[in-house]
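J.: Take a look at the following structure, please.
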Amino acid sequence: MPLERYDTLLKDAHNRKYAVGAFNIFALEFLPAILSAAEEEKSPALLQINPIHFYLADPGPYLDYVKHQIAKTKVPIGLNLDHGISKDIILKGIQAGFPSVMFDGSKLPYAENLAQTREIVELAAACGITVEAELGTLNDEGLEINAENRDRLFTNPEKAADFVNHTGVHALAVAIGNAHGFYKGKPELDFERLKKINARVAVPLVLHGGSGISDSDFQKAISLGISKINIYTEMSAAAATTVKSLCNEKDSPCDYPTLLFKAREAVKKVVIDKMRVFKSSGKA
Ligand SMILES: [Zn+2]
């Protein structure tokens, strides 16, 4: 199928009450795992590349290859630049051929995040490119969540509505207790806050830091407006653990293509599991 649009994928998920899994790729290893999982599950999906991984594959020619593989896939697949933290990186992503981008100004003061996001939306619109933005700070440092940190870090529902109205973004990533990487302790999502954001914001909501959140919390988050969930750490850990255990096996040949293939199978398992939890299986 031809490459699917980011906003079309999220709109369908929003309307039919499921979430599109957004799975990160960076070279050749994870791509076939995710595409074959999507076909087997008859699930739509998004592929994402974080610019921090551009050193592993030159984004221009790499995207040509990824798009070629997407075109051969029988289910709708989109492609998104993950965490573009500056206008320069966003422009580099657009030049490389990304049809949708995430601008991450979440570490900037509110007014600056709003101004820069609006500028990115305007320049992306000229090329028909959709923009996801982020408001609030993910708790990547694993700070204790007390009332003060909650108000300082988490997405403010009123500001979220103001931000979306003044920037024209197509989707909003929220901070409700989610974090990138492995969680330090059990993740506790602020569902009351999510409910308030969802009531005030018309665009689909995005949950970053999906690795480590329980299945029931995912489903509750989807029922409260989350339409896209990002997964990376869990796939990376599955691949690394598989390679490590194979190399530690007695008399293991540690043959590199075999290791890559086994890692791919482990990643595919994670992706299938997530598609079922997100209820995107069967929605293609
Ligand atoms: Zn993220």
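J.: Name the single residue, out of those in segment 120-139 being within 16 Å of the ligand (Cβ to nearest atom) and at pLDDT 95 or above, that is surrounded by the fewest Cβ atoms within 10 Å (Cβ to Cβ).
T.: Taking segment 120-139 as the starting set, the residues that turn out to be within 16 Å of the ligand (Cβ to nearest atom) are 131-139.
With the extra rule that they be at pLDDT 95 or above, the set shrinks to 131-136.
Numbers: Val131: 27, Glu132: 31, Ala133: 28, Glu134: 25, Leu135: 26, Gly136: 23.
Residue satisfying both the conditions and the ranking: Gly136.
J.: Same structure, new question: Give me the pairs: first residue in segment 110-133 and more than 20 Å from Leu79 (Cα to Cα), second residue at pLDDT 95 or above and among the polar types (S, T, N, Q), beta-carbon distance under 7 Å, and six or more apart or on different chains, which are they?
T.: Close Cβ pairs (under 7 Å, with a partner that is at pLDDT 95 or above and among the polar types (S, T, N, Q)) amount to Asn113/Ser106; Leu114/Thr167; Arg118/Thr167.
J.: Out of all the residues in segment 238-282, which are closer than 25 Å to His83 by Cα and either of a type in the set (Phe, Trp, Tyr) or free of Cβ contacts under 8 Å to residues at least 40 places away in the same chain (or both)?
T.: Those that are closer than 25 Å to His83 by Cα and either of a type in the set (Phe, Trp, Tyr) or free of Cβ contacts under 8 Å to residues at least 40 places away in the same chain (or both): Ala238, Ala240, Val270, Asp273, Phe278.
J.: Quick check on Ser281: is it within 16 Å of the ligand (Cβ to nearest atom) and not basic (Lys, Arg)?
T.: No; evaluated as a whole, the condition is false for this residue.
This table checks each residue for (1) among the small types (Gly, Ala, Ser); (2) crowded, with 21+ Cβ neighbours inside 10 Å; (3) in contact with a Gly (Cβ under 8 Å, 6 or more places away or on another chain).
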{"site": "Asn156", "(1), (2), (3)": "no, no, yes"}
{"site": "Phe163", "(1), (2), (3)": "no, yes, no"}
{"site": "His166", "(1), (2), (3)": "no, no, no"}
{"site": "Ile176", "(1), (2), (3)": "no, yes, yes"}
{"site": "His180", "(1), (2), (3)": "no, no, yes"}
{"site": "Asp190", "(1), (2), (3)": "no, no, yes"}
{"site": "Leu194", "(1), (2), (3)": "no, yes, yes"}
{"site": "Ile197", "(1), (2), (3)": "no, yes, yes"}
{"site": "Leu207", "(1), (2), (3)": "no, yes, no"}
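J.: Looking at segment 115-166 only, could you name the residues that are charged (D, E, K, R) and under 25 Å from Leu81 (Cα atoms)?
T.: Correct list: Arg118, Glu119, Glu122, Glu132, Glu134, Asp140, Glu141, Lys159, Asp162.
J.: Out of segment 86-104, which residues are assigned to a loop (DSSP other than H, G, I, E, B), touching a residue at least 24 places away in the same chain (Cβ under 8 Å) and on the phi < 0 side of the Ramachandran plot?
T.: If the condition is that a residue be assigned to a loop (DSSP other than H, G, I, E, B), touching a residue at least 24 places away in the same chain (Cβ under 8 Å) and on the phi < 0 side of the Ramachandran plot, then Phe98, Pro99, Asp104 are the ones that fit.
J.: Pairs needed: first member in segment 1-16, at pLDDT below 95; second member anywhere, among the hydroxyl-bearing types (Ser, Thr, Tyr) and surrounded by 13 or more Cβ atoms within 10 Å (Cβ to Cβ); C-beta distance under 8 Å; at least 6 residues apart or different chains.
T.: Met1/Thr73
J.: Identify, please: which residue in segment 177-207 is out of contact with any helix residue (DSSP H, G or I) (no Cβ under 7 Å at 6 or more places or on another chain) and basic (Lys, Arg) and is, among those, nearest to the ligand (Cβ to nearest atom)?
T.: Lys184
J.: How many residues does segment 1-38 hold that are in contact with a Ser or Thr (Cβ under 6 Å, 6 or more places away or on another chain) and in a helix (DSSP H, G or I)?
T.: 6
The values are calculated or read from the model by the stated rules, or taken from the named source; none is laboratory data. Computed from a predicted model, the values in this text were never measured in an experiment. When we count neighbours, we look across all protein chains shown, and the Cβ atoms used for this are built from the backbone with ideal geometry, even at glycine.
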